[in-house]
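Reviewing the structure listed below.
The values are calculated or read from the model by the stated rules, or taken from the named source; none is laboratory data. Bear in mind that the values here come from a model prediction, so they are computed numbers and not experimental data. When the accessible area is computed, the model is the full protein with side chains, heavy atoms only, and any ligands, DNA or RNA have been set aside. Shrake-Rupley method; radii C 1.70, N 1.55, O 1.52, S 1.80 Å.
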Amino acid sequence: MRRRSRQRLEARKPPALLGSRIPLAALIQTLAVAEYLNFRHAANALGISLSSVSARVKTLEEDLGVRLFERHARGVRLTEAGRLFVEQVAAGVEQLDHAVKTAGMASSGECGRLRIGVHGIIPGSFLAELIERYRESHPCIEIEIMEGTARNALMQLRADRLDIVFAAGTHDLPDCHSRQIWSEPLVAVLPDRHPLAGQSTVTWPDLAGETFLVRHSSTGPQVHDHIVLRLAGRLPPPSIQRFVVGRGTLLSMVGQGFGITIVGAATALLPTTGIAFLPFADEPEPVPFSAIWSPFSQSPAVRNILVLAGKLGRICDSAQGGIQHERRGRRQ
């Protein structure tokens, strides 16, 4: 009874696939023989002995129960079965080689996907240049960009729908890594007919009593708090109005006389009419911008863009230092 039960169990087992028992080396050597139609030439091309190639191919034919080659005095020629077998094996080996190369490229961050969350991309800005440089150096990476508020971007990051987020400010988050990547001076945006528009710079006391426009989204809350902090105790107190609009619409509202706003200097790179951008003479620090990513991320693509951002940041700092040194020299 036990023997019959064992036989029944063995009969239920799926038959072992012959391909799983064939060494890859045997297939490679068979392809070489099919290419050169000569065992010796195939062995020389592979850098192995003639006897090894001959033995591998013979063993393969025995395992398959099929003759792949017809031997003759000058070499060999493929049988019809051999021709069909070689065509299929060649396609499979090419796919395997592609899979190996693709896995290696993905491991090094040379191919794959990078999902980026941003508050907006301004042509000519640091972020625009960073993404452009990254695309140039990693052309096989598929880049997806989602524009939205910092709060929404962080929600998407935590849900693993984004790989990295670039947002204004510094972020001390218990469940995310962050690093300051670049900074921009703060500038005031005024209608070009404003009494202060003709000045080269502006100060916070100059803006006391103005109506400020801020956005609910993106950096709106930070801008609101910054205005309150800088004008605290000044009379008349600032009027701050919030709008659920995009950056372009807010700038257009400034041009139409609704009020003024403050932005990072990169916003001045946008094509605009009817407004003036004035640097602050009394703003102590530029606005920081940070990269935020998951501490569990194993993505080489994230690592590579952070490395590039660090290099690009140092280049920008060096160039900025050179400009400031040149300006000091001209004053002297």
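List of remarks:
- Rolling a 1.4 Å probe across the protein heavy atoms gives segment 155-202 an accessible surface of 52 Å² per residue.
- With every protein chain in place, segment 57-97: carbon and sulfur % of accessible area (1.4 Å): 50
- Accessible area per residue (1.4 Å probe, heavy atoms of protein chains only) ranks 252, 294 as 252, 294, with the largest value leading.
- Apportionment of accessible area to carbon and sulfur, segment 192-287, percent (1.4 Å): 55
- Percent RCO, i.e. relative contact order, over segment 155-247, from Cα pairs under 8 Å lying at least 6 residues apart: 23
- Divided by 2.2 N^0.38 Å, where N counts the residues, the Cα radius of gyration of segment 136-201 comes to 1.65.
- Counting only Cα atoms, the size of segment 131-250 along its three principal axes is 53, 32, 25 Å, in decreasing order.
- Solvent exposure of segment 208-314, expressed per residue, is 48 Å² of accessible area, with all protein chains present and a 1.4 angstrom probe.
- Counting only heavy atoms of the protein chains and using a 1.4 Å probe, residue 176 has close to 20 Å² of accessible surface.
- Across the protein chains, with a 1.4 Å probe defining accessible surface, the residues 253, 146, 155 rank 155, 146, 253 from largest area downward.
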